[in-house]
Each structure stands twice: as C-alpha cells, then as structure tokens.
1. Give me a single rounded figure for B:99-112: the average over its residues of other chain Cβ atoms within 10 Å of their Cβ.
2. Show me the three semi-axes of the equivalent ellipsoid for chain A, from the C-alpha gyration tensor (sqrt of 5 times each eigenvalue), largest first, rounded to whole Å.
3. Run the dipole for chain C about the Cα centre, Lys and Arg Cβ at +1, Asp and Glu Cβ at -1, nothing else charged, and hand back the magnitude in debye, nearest 20.
4. Could you list which residues have their amide H under 5 Å from that of C:ALA86, counting only those 5 or more apart in sequence or on another chain, with H placed in the peptide plane?
5. Mind checking the angle between helix B:18-56 and chain B's longest principal axis? C-alpha axes, 0 to 90 degrees, to the nearest 10.
6. Quick check: from the Cα gyration tensor, does the range A:134-259 come out rounded (a/c under 1.5), prolate or oblate?
7. Can you tell which of B:VAL284, B:ALA54, B:LEU156 lies farthest toward the positive end of the dipole of chain B, using +1 and -1 charges on the Cβ of basic and acidic side chains (Lys, Arg; Asp, Glu)?
8. Take the range B:62-158, drop everything but the C-alpha atoms, weight them equally and run the Debye formula without solvent; then report log10 I(q)/I(0) at 0.10 Å⁻¹ to two decimals.
Amino acid sequence: MGRSQRADPAGLAGSARALTQQRPLGDRIFQALALAAGLLVLAILVLIAVATTSQSTSWFSHEGITGIFTTTWDPAHNKFGVLTFLYGTVVTAVIAVILSVPVSVAIALLLTEVLSYRWARPIVYVIDLLAVVPSVVWGLWGLIVFAPWAQRTIYAPVAGAVKGVPILGNLFGPGTGGVVSGPSFFTAGVILAFMITPIVTSLSREVIATVPVIDREGAYALGATRWEMIRGVVFPHSQGGIVGAVLLGLGRAMGETIAAALVIGSIPAITSHLFSTGYNMPAVIVNQFGESSGVFRSALLGIGVLLFVLTIIVNLIARGIVARSMARQRGA
Amino acid sequence: MATAVTKQQQVDLREPRSWRSAKSRIMTVLMVIAFVVVIIPLGFVLYTVVSKGASAITGRFLTGDIPFNVAPVTVGGIWPAIVGTLLITALCTVIAVPIGILAAIYVNEYGGNRLLTRIIRFMADVMTGVPSIIMGLFIFSIWVIHFGFSGLAGALALGCLMLPIVIRSTEEMLKLVPDVLREASYALGASKARVTATVVLPAAMSGITSGVLLAVARVSGETAPLVFTILGGTTTPNYNVFTGANNALSMLIFQNAESPYTGAQGRAWGAALTLIVIALITLVVARLVTSRVARLSQ
Amino acid sequence: MEQSDQELTQLGLPELAHRDHAPSTPGTTIFSTDNVSIYYGSFRAVTDVSLSIYENEITAFIGPSGCGKTTVLRTLNRLNDLIPTARVEGDVRYRGEELYAPGVSPAAVRRRIGMVFQKPNPFPKSIYDNVAYGPRINGERKKARLDEIVERSLRQAALWDEVKDRLNKSGLSLSGGQAQRLCIARTLAVEPDVVLMDEPCSALDPIATGRIEDLMHEIKSRYTIVIVTHNMQQAARVSDRTAFYSVLRDEQSDTRTGVLVEYDLTETIFQDPHDPRTQAYVTGRMG
C-alpha cells in the first residue's frame, strides 16, 4: 500500500512526533458537548424531582405524609387530603387499560400475523393518526359530543337495568342522587383508552415481531391453524413484552391530563359507581392551579410529585418486566 | 386408531376439522372488529372537528384577535393563539433538537457500553414516560416563579417533553448507519468527531428529520405544560416569545371547552381544526422525507 | 453394474458398501410431480421438476446451494404458502390428489405431511407440551392418551430415556441434538404419513447426526421420508433414492434457476450416474 496523499490527508505520515499529537481542540469540544447533552438528561430528571418537591414542602408540613390517605379536600378550610384524586387516577387508568388492551393486542396481531405488508402499512398510518389527535381535542370532543350521547344512550339504560343488582349495580348503577353523569370515571376511562391504544399497539407489534419465523413455521408444519399457532407460539414468546406494553399504557393513562380534566366531571368523590363524576390527580392540578396560592398551591404541587413518583415506578416495573422477558428468551 | 386414519388409501384434503378452521377465522374477524372499533371514534372525532371547525373558519377568523367569550364566532378570531403555537413550538424545537441530537450522538458514538451510557439511555427512556403536566410544573417551579410567564417558559416545558423523544428516535437512526461507513472514514484518518459530523450524521439525517417532525407534531398539541408556563388568556398576539404571557391553540381550546357560550365553543372547534391541520401537515412532510430518501437509496 | 464392497470403499463411498439395497420395484407412489416450476413473484426459482416419491422409502435431495432443493421440499407440504409471492405451476399430487387444488386445506395437508427444520425449533414450553402440542390441537384431551402418545413419540425419536424424568423442563433447555430429536418426536406425535426433513443434521455434531440417521432407518418402515441434505455421504448412507438438483445460470439476466438433473436409486446416482453433471458433483469436482 503506497503512501498516497488520500490515505494521509493530514500529512501526519513520516513524522513520528505527529503520531503522538494530541487530538485537535475541535474534537474535544465536540465530545464534551455531546457528553454535556447526555448529562443534561440526568440533570433534568433530578431537577424535576428536586424543584417540585421543594415547592410542595409547605403542604407536607401542613398535612404530613398522612395527607396522601385523607379524603377531605377543602381548600377553603385548609384541608388537603388527596386520597380522592389518587383513587380517581387509578380507577380511570384501570378502566382505560381494560378497554384498550384487548383491542390493541388484537390490532397488533392483525398487523403482524394476518395482513401482508402492503395492507398493513396504511393501517399503521391510521393508528399513527390516532396518536396525532391532541389530547385537548379528544377532551373537547369527549365533553361536548361523547359525554352527553353516552349518558343518554348507554349510561342511563344500563344503570336502570342493573339497579339493585349486587355487584353490577354498584359499578354501573346510578350513583348518589340517583343520576348518571356524562362526564364521569367511565367516560374518562373510555377517552383515555383511545389515547393509549396507539402506544400499546405499536409496542405489542414490536414484541410480536421478535418471535422467530422458524417457531411459527414449526407450528404450521404440524398442521396448526393460524389461531392455534398464535396461541401456541406467539403468545408464550411475547407475553412478557406485552405485559410491559400494557404497563407503559397504564403509566400514560395515569399521567394524561387535559382529556381527563375535561371529561371526568371535576367533582371529587370516591365511589364505586363508574357512571358518576370524579376527579383525578392531573385534573385537579390543572383545574385549580390558577386560583391557588400558598399552601393550596403547594398542595397541588405535592400532588404533582405524587404523580411523578407513581408514573416513574410504573415505568420502571414495565421496563424491568420487558427486559427480563427478553433476557430469558435469549438465554434459554 | 390413528394409524388407520392416516394410512388410508383414499385421501380427503378438504377441511376435515371444520371447527378448528372456523375458530381461526372467527378470531381473524374479531381482530378486524377491534380495528373498526378504534377507527369509528377516530373518524367521528375528525368528522366533528372538520364540520364544526370549518364553519367557523374564515380569513378573518384566522387573523382576528380573540374576543370575549360571549361574542359569537363571527366576531374576532384566533390569530393570537396561532402565533403563540407557531412561535413557541418553533422555539422549543430550536432548543430541544440540538441537545437531543448531541445526546444521542454521545450515547451511540462515544458512549460504548459504559455504565454512564447505559444510565443515560435508560433515563431518556424513563423520561418519555413522564407526564407532560410534570414538565409544566417543573418549569413553573424553577423559571416562572422567578421570571414570570412567557412563551420562552412554555418552550422550555415543551422542550423537556420533546427532548427524550428526539434522543430515542435519533439514536435509532444512528444505529442504522452501517459501521462500514464509519470504518471507511476512519481509515482515511478522520477523527471521531469528523466521522460523526461528516459521515454518520448526513447518512442518518433524513431519519432524524422525520423523527423530529413527528415529535413536533406531537408536541404542538400539548396543553398541560403550557398551562403553567404561558398563562394563556391573552387576547392580542404577543410576538415577543421571551417576555409576557402568551397564548396557544391548545390552551384556547382548553379554556373555551367548558364555556357555555356557543361563540367560545365555535372558536374552540375552529382552533381544533387548525391545530389538527398543522399536525397533519407536519406528519405528511415527515413521511415524505422518509419515503423520498428510501426511493433515492434504491 | 454391481461393484464389490471393496471397490465401493476405494471409491470413497464406504457407506454404500454396508447397507441393504433398496427395492428396485417401488411401492405405492406417495408424491408425484409433473413439470413443476416454482416462482417467487416473477423470478423462477425452480423449473421443470418431475419425479415420484415412493412409500416407506427415504428419498434424498442433493445439490449445490441455491439449486432449489429446499424450495421443492417446502412445496410438498405447502409451507411455501407462507411466502406471499410464492407460486407453483404444474401438477403436484399426494397419493393421487392434487395438492394445490382450490378447496384443499393447507392445515390438513400439513397434518399428514410433517416437517423437521434445519435449526431445531422447540417451542418455549415443556418437553411434554412440545410433543403434545400436535395431538392437542387435533382434539386429543384425555391425559392418559396424551401420556401414551408422548412416550411413544419420544421413544421413536430415541429421546425417551434421556428426558423421561424431566418432561416438565423447558424444551429450550435441551442440547442441539436432543432438541432436534424433540422436534422429530413432536412431528411424529401426530402420526403423519410423510416426514420431510430440511437439512436436519447440518446444525449438529457428528455423534448427534449419527443418532438421527439411525432413527431414520428405524422409522422408515412406518413413514415415508424425504430429506434435503448438502452432505453427500449422508445421502449415500441413509437414502434409497436420490434426486440431484443443479443450477441453471442465465447469463443475460444473471439469474439462477434450480433444475432437477437426475433422479434414481441411490447406488445408481453415486456409482453410475447418467448425467455428466451428476458425475461431476458426486465425485467432488463441483458444488
């Protein structure tokens, strides 16, 4: 190999000293900037935790840690128990997951197992379209169009039908005052379900796509029908990943603010009746922040901290499950 | 006995176990139904937004100032909100994208398999799951309290939201660049920074751009981070992103949604349509960028 | 032209020396293909294959890589259906019935014509559930019957003694050779008519390979076996008949199409082939 100029653009060859030359300044600055950017991510997360917590200390000192478990929320009388909102967050998120997961997994299966690439692509675009509709538009539509319609055509008849029936009546029967409300836990759950479906679907698709083709062929070669192959091969392989996707969807549903704020009814209540109004953590923060000050405001920020911690925990568990199931498949 | 069945001379290859194939077909139908179940509300939402929004939108609507809620839809418009959304989203992109790309470069090109790299990557993933309202509360706590409401504060909050998305998608695109390209550049004596800047980045650029545009589409519709940072409620456009409260389409919709006045509601629908159109245009451009490059590289 | 065992060994084909020779009058025709060509989209992967496969024989497909032997094999159990652009032209018959006639259920076909793959692919289930999978989807529910089928299949696959105490362990925990025998047991559990094998030993060490070849000899009396192999000695060892495929290169379009060159009794292919290409391949000058 000759010592052509092209292979030696910096003219360093033939100079022994040049081989030990330090890296030019520009390179080191570039690397430092990249590192700084990476560290910024960590810094932001830490700052989020620190800043919001420090702003909520006056609430903590007022209510103490038991504030999390008290239900009375009455800013006028300096009462800031947040259990109601915790309840609302959990209930609406759970409803959203129950409604969304079967649908999302079914669509993921449709896209990976049934449809060829040509047909799957436009459907993927449509699912992405679902994700592009802003949260506030879902809320607007939910409040003005869906809630009244649902109350008339679904909630009222169902509530009338199950009134007095043991478990169903408690869930779907009329609430306090004998009414069912359009804006309610259930409506919020439905709207949230629409919003988390794209993410659960796309994650499930990724997981299902990692099932090796050869395993699928093994099942088909035994004469299995497509559904038998899915049950026998796809599900066992991807259950860990799908559970992870579900948990991530749960995390999203818990943190989704605006849509929930518009359709949940915004009246704090702990009740099993899903067709009645409620409140959840992000909704109360966003609705009452403007008029708040002092301990009230600090309480709202405290709720924010709670929400932050909760979603981080759910996220960590979800990623842990996914990571473990992938490792088990590789190692086995 | 099973043996007798399989060894028979006469072979019937038609569908002998009809229940099994029927079950498989029923499952397929259920999958299609699931898709339809999701499509119908989406179609309904889009239809409602288009029909109610289109009736509100006129030239004056798009350029007029925001009137009082009681005013009917024909009076005034949503121009201040449009200005706010465009300016704040643009500022947020300018802030978040360079940092995001640099962070992705660190993780993918410089990081190796060190513990720090894995922590950063993991934390960026965790950050995508942080609810947007938290970003708003965060910027409120460290910025707004000291410097007041402003478009900049909103851009910072949206930037925190956008940053992990950009890092994730940029990292994916960088990973797709084949190592042989890097090796060829090194073999010519280039330093790592030069390799990254002159070979890797250009190769991944279309994918990165598309990822950024998708993030922009998502972020432009966010409301919660803005509630705590730009205050909203302004009636005239504020072209100064750095000081003073500002407005945005998403905030306008949120503030008008619960209003009993049909004028305010009409403005909300008009704003919703405008917002969705902006997001759609961004999405379409993103897809065009990826498909154009895919076609070029064939 | 018969050759003595000594001469066969000198030719480098000791395997042919120490085996029973296949009957030259074949039994029932299991498969018959007539002018079969297989396309992927507009690309013709294999052209003009006409042969017949007979009951209770082991038939080997040999040839250089890219000659389409696996493609032809997968046509026999309609597994190529899984590839959207694949298309078969010509007549493929199984026991006289057209395999590709409309109305034929691929699942029913595969129930009768099983397949073992190149890379062992046990399901992520227990050993027991792996073998029981096929019978279960065919409706067998009784535990006693399933136990019986599992044991019988694992015995046929020469795996029973090694795993009988750990049937609950995952199928993924077995070594390569054991996993492949598990896959064979799984295939035998549905009692197919035919067992297709796509290079079943190429991922295994010589000892595991030997056990599977012994297995093939033992189950031959109950099944018809078609095996694709790139190992000529293996073909000579186990098969009764051998089909040699080669590649036709089209210089203009730079495409390679597989073609069946010669199909005959194994001894004939290896000792006295008619086609010079066969001669070149089996004496090692090609492929």
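1. Mean partner-chain Cβ count within 10 Å for B:99-112: 5.
2. The answer is 46, 34, 17 Å, longest axis first.
3. On the way: 34 positive and 39 negative charges, 311 e Å.
Value, rounded to 20: 1500 debye.
4. Hits under the 5 Å cutoff: C:GLY41.
5. Approximately 20 degrees, to the nearest 10.
6. Working: a/c = 3.23, a/b = 1.94, b/c = 1.66.
Cα axes put the range A:134-259 in the prolate bin.
7. B:VAL284
8. At q = 0.10 Å⁻¹ the computed log10 ratios are -0.45.
Where a number appears in this text, it was derived from the coordinates with a stated rule and is not lab data. Remember, predicted model here, so these are calculated numbers, not experimental data. Neighbour counts are summed over all protein chains in view; Cβ atoms, including those assigned to glycine, are modelled from backbone coordinates with ideal geometry.
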